[in-house]
Amino acid sequence: MGHLGRRARKKKKKMTTESLTLCHESRFVELRRWLKERGFKSKLLIPAHFSDTGRGLMATSPIKVNDMLISLPERCLLTTSTVLRSYLGEYIKRWKPPVSPVLALCAFLIAERHAGSLSKWKPYIDVLPQAYNCPAYFSDEVINLLPSGLRAKAQDQKERVWELHSSAATFFASLQPLLQEPVVTVFSHDALRWAWCSVNTRTVYMRHPQSPHLSTELDVYALAPYLDLLNHCPKVQVTAEFSQANRCYEIRSVQGCRKFNQAFICYGPHDNQRLLLEYGFVAPSNPHAVVYVDLGTLKLCFNDWDKQLPQKLLFLKEHDFLMNLTFGLDGPSWRLMTALRLLSLKPEQYACWKTVLLGAAVSKDREEWTTQTALMLCKILLGESSMALERLSHLKQGAGSSMTEQLSVVEFLRREEQAILGHSQELLGL
């Protein structure tokens, strides 16, 4: 794995197509044989290693606009229905209160990985990552290097996995009859973290009927072997859905793909903070990349003597203008500048708030104040980013391969942040 995560690494050097092919590796041979037994026969895409993204799928023939990229039969999908039909089914069905769809899938993945050569899903388990770059795997030192808003979400992710493991302890204990080893060693926190990240990063959206044996949480998960080797590109367009007629999960390419090029899909218009949080990677040249301004940073731009600040912030909150305040590739967002204009208002100008919400300027001096405050925000955020990069540089010294990978992802995010803020400063200074 390279330094930007599974799907997004800087290109180092161009390699020949022959040297990239992975289809002759034993684990991929076994995976394709296993899939063929379940009805998947396509040879359009083969596994390969790409210098810029790592492992992915290569097109062996030209893919035209609206051509089928991949069609994976229902028998190949791992869903809660699969779990309920398995040896775990009777344990889940009699457990009260019912377990969640996510926990059912996690328990199955853990049990199947533990089964080793006896697992019917071994060919798929063998190609899953051994660990992930999601924040659930981050140490506190690495989490503290993240931007403040993302830092809180990353910590929350770690805590959610711990809480899930703790709350599931008695359910896991009920599975002891299936095991020869103590259940606590098989269904450990590390095992659950791996399974949870596998589900969270690799499932495709597929709505399932509500099962009476599971909790009422939405069941929209399907692990899709081979299909999940497709990497993310924010500029690619595809259509993806489960075909009721064909009983297959189908992805069609909107733009097509050249022969011997990597075939991509798009997970959605996500900025790099969300990609890191949800999938454990960042995407270079991401058109959706932004830097967030949180409330704590916003307050640093105001003096204590501004007695109207609490009322102004309450007003912004009531009108949903304290969230998603960002700097992007084209400078400060409309929402950020509108929020700053509202904060700039003097008491005698409060009657203008409706026109400000519609994008109108108030006065020349208020516009200057707004621009200067936006510049101040840039300076504050750049300072935080520089301090994080300095601490990151020290942590890299002597770090193991796993932490080095995590630090490299955070470093890319922070350097992208600096580039966006630097460009915003230039635009605001014009």
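Every number in this text was worked out from the coordinates using simple rules, so none of it is lab data. Computed from a prediction, not measured in an experiment: that's the story for all the values here. Counting neighbours? That spans all protein chains shown, and the Cβs are built from the backbone with ideal geometry, glycine included.
Tabulated data for the structure shown
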| quantity | calculated |
| --- | --- |
| Against the rule of thumb 2.2 N^0.38 Å, how large the Cα Rg of segment 12-161 comes out | 1.31 |
| Area projected by the alpha carbon convex hull of segment 281-385, averaged over all directions, nm² | 7.5 nm² |
| For segment 138-225: rounded, prolate or oblate by the Cα gyration tensor [a/c cutoff 1.5] | oblate |
| Segments 346-356, 76-86 sorted - mean Cβ within 10 Å per residue, highest first | 76-86, 346-356 |
| Diffusion coefficient, µm² s⁻¹, Stokes-Einstein with Kirkwood Rh over alpha-carbon pairs of segment 80-223 at 37 °C and 0.692 mPa s | 205 µm²/s |
| Cα gyration tensor shape for segment 65-136, rounded if a/c is under 1.5, else prolate or oblate | prolate |
| All aspartates and glutamates inside 17 Å of LYS64 as judged from Cα atoms, apart from same-chain residues fewer than 8 positions distant | GLU250 |
| Cα-based shape type of segment 145-302, given that a ≥ b ≥ c are square roots of the gyration tensor eigenvalues and the cut on a/c is 1.5 | oblate |
| Distance violations [Cα-Cα > 25 Å] among LYS153/LYS307; LYS96/LYS122; LYS41/LYS259; LYS235/LYS317; LYS312/LYS364 | LYS153/LYS307; LYS96/LYS122; LYS235/LYS317 |
| Rg followed by Dmax, in Å, when the chain is reduced to its Cα trace | 24.7, 76 |
| Most to least packed among 292-303, 169-180, 135-146 [average Cβ atoms within 10 Å] | 135-146, 292-303, 169-180 |
| Distance (nanometres) between label positions extended 7 Å along Cα→Cβ at GLN180 and SER61 | 4.8 nm |
| Cα centroid of segment 361-397 to Cα centroid of segment 226-270, whole Å | 38 Å |
| Cut-off under 5 Å, modelled amide H: who pairs with ARG55 long-range | PHE50 |
| Axial C-alpha extent at least 18 Å, average Kyte-Doolittle at least -1.0 - helices from the chain (DSSP) | 101-115, 189-202, 364-396, 401-429 |
| Relative packing of peptides 111-120, 149-158, 369-378 - highest average C-beta neighbours within 10 Å first | 369-378, 149-158, 111-120 |
